[in-house]
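The values are calculated or read from the model by the stated rules, or taken from the named source; none is laboratory data. No experiment lies behind these values; they were computed from the predicted model shown. As a convention, Cβ positions derive from the backbone with ideal geometry for all residues, glycine included, and neighbour counts pool all protein chains shown. For the accessible areas, the whole protein counts, side chains as well, though only heavy atoms, and no ligand, DNA or RNA atoms are used. Shrake-Rupley method; radii C 1.70, N 1.55, O 1.52, S 1.80 Å.
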Amino acid sequence: MSVRVREVIDALERFAPLPLQESYDNAGLQVGLTETEVSGALLCLDVTEEVISEAVELGCNLIVSHHPLLFRGVKCLSDQDVVQRCVRMAVREDIAIYSAHTNLDNCMDGVNFVIAERLGLVDVEMLAPRRVAVSMDGREHTVLSGSGVMGYLPEAEDSLAFLQRVKQAFSIECLMHNELLSRPIQCVALCGGAGDFMLDEAIRHRADAFLTGEMGYHRFFGHEQEIQIAIMGHYQSEQFTTEIFASVLGENFPRVPVFKTTLSTNPIKYL
């Protein structure tokens, strides 16, 4: 039985409903027709020209990304920037693009739960949960949403060992952190991507450590020996998002060919 793009979107939005996205976001269908039959799906963090070429080579006419290709308004379709070129290329190759962004960050078992799992945390809960109204299968109900999570290491460990755990688990080339915490670390709060806005919430919950993908310089000040801060890198913190997509598609559409991109789309390099 054939599977249409619309059906894949429905499955993804049952897992990560669109109402969970932040007000500034643009998750959802980016390019393409929803009634098209899916020949295969390529999963990625970022949509680039190289990723679209990879989809073509694999025979995939659907790309599922974490970061939206169309994050801001596009007033022209030429070849002036990467977004415009990607849109033109996707349309030319008849490839649909769907993105699950902050709705995937905020949902139960979403991006932050995957980070926690990679670190071996237990008793993981949303850091600042809230109820959001969603419409699903013709019914209205509420689901839990939250921008970060908090969990516990099975055994407390010193700060250096913890930072090494983070560095190894996510293959981080350059892990930024504040001064080493003198007390053991067991309670860990985290928020993938640009999550420094959750630092105060982590402190309020008396977490021993806070992890995120990006944080401004001045946010480091004033927290010495209050909390261990570690900055993983935006790409590094969200690189396993494709595992969530693969799980949802595999469970719902076992006959649809699904591929994870083999390309690193991290634009930041380390010397």
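Only residues that are open to solvent by 40 Å² or more (accessible area, probe 1.4 Å) and closer than 21 Å to residue 201 by Cβ: list them for the stretch 143-167, please.
Our first condition is that a residue be open to solvent by 40 Å² or more (accessible area, probe 1.4 Å); within the stretch 143-167, this holds for 144, 152, 154-156, 158, 160, 164-165, 167.
Selection gives 144, 152.
Please enumerate the residues belonging to the stretch 223-268 that are on the phi > 0 side of the Ramachandran plot and either in a strand (DSSP E or B) or open to solvent by 60 Å² or more (accessible area, probe 1.4 Å) (or both). First the steps, then the outcome.
Taking the stretch 223-268 first, the residues on the phi > 0 side of the Ramachandran plot are 225, 233.
Answer for the stretch 223-268, where residues must be on the phi > 0 side of the Ramachandran plot and either in a strand (DSSP E or B) or open to solvent by 60 Å² or more (accessible area, probe 1.4 Å) (or both): just 225.
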Filter result for residue 60 (crowded, with 18+ Cβ neighbours inside 10 Å, of a type outside the set (A, V, I, L, M) and over 21 Å from the mean Cα position of the chain (by Cα)): yes
Matching entry among 47, 38, 87 (being closer than 20 Å to residue 235 by Cα, open to solvent by less than 50 Å² (accessible area, probe 1.4 Å), in contact (Cβ under 8 Å) with a residue 24 or more places away in the chain and out of contact with any Asp or Glu (no Cβ under 7 Å at 6 or more places or on another chain)): 47
Across the stretch 208-265, what is the total count of residues that are within 30 Å of residue 60 (Cα to Cα), more than 20 Å from the chain's Cα centre (by Cα) and not hydrophobic (A, V, I, L, M, F, W, C)? 4
Looking at (1) out of contact with any Phe, Trp or Tyr (no Cβ under 6 Å at 6 or more places or on another chain); (2) farther than 18 Å from residue 241 by Cβ, which one does residue 122 not meet, given that it meets all the others? (1)
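Take the residues in the stretch 168-186 that are among the small types (Gly, Ala, Ser) and more than 15 Å from residue 207 (Cα to Cα), then tell me which one is most open to solvent (accessible area, probe 1.4 Å). Even if it seems obvious, please write down each step before you answer.
Restricting attention to the stretch 168-186, the residues satisfying the condition of being among the small types (Gly, Ala, Ser) are 169, 171, 182.
If we keep only those that are more than 15 Å from residue 207 (Cα to Cα) too, we end up with 169, 171.
Values: 169: 28, 171: 91 Å².
Looking at residues that are among the small types (Gly, Ala, Ser) and more than 15 Å from residue 207 (Cα to Cα), I get 171.
Let's see how each residue does on (1) of a type in the set (Val, Ile, Thr); (2) over 15 Å from residue 116 (Cα atoms); (3) outside any strand (DSSP E or B); (4) touching a Leu at 6+ places or on another chain (Cβ under 8 Å):
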| position | (1), (2), (3), (4) |
| --- | --- |
| 147 | no, no, yes, yes |
| 150 | no, no, no, yes |
| 153 | no, no, no, yes |
| 163 | no, no, yes, yes |
| 166 | yes, no, yes, yes |
| 172 | yes, yes, yes, no |
| 193 | no, no, yes, no |
| 198 | no, yes, yes, yes |
| 202 | no, no, yes, yes |
Mind listing just one residue for me: the one in the stretch 91-113 that is assigned to a helix (DSSP H, G or I) and touching a helix residue (DSSP H, G or I) at 6+ places or on another chain (Cβ under 6 Å) and, of those, most open to solvent (accessible area, probe 1.4 Å)? 105
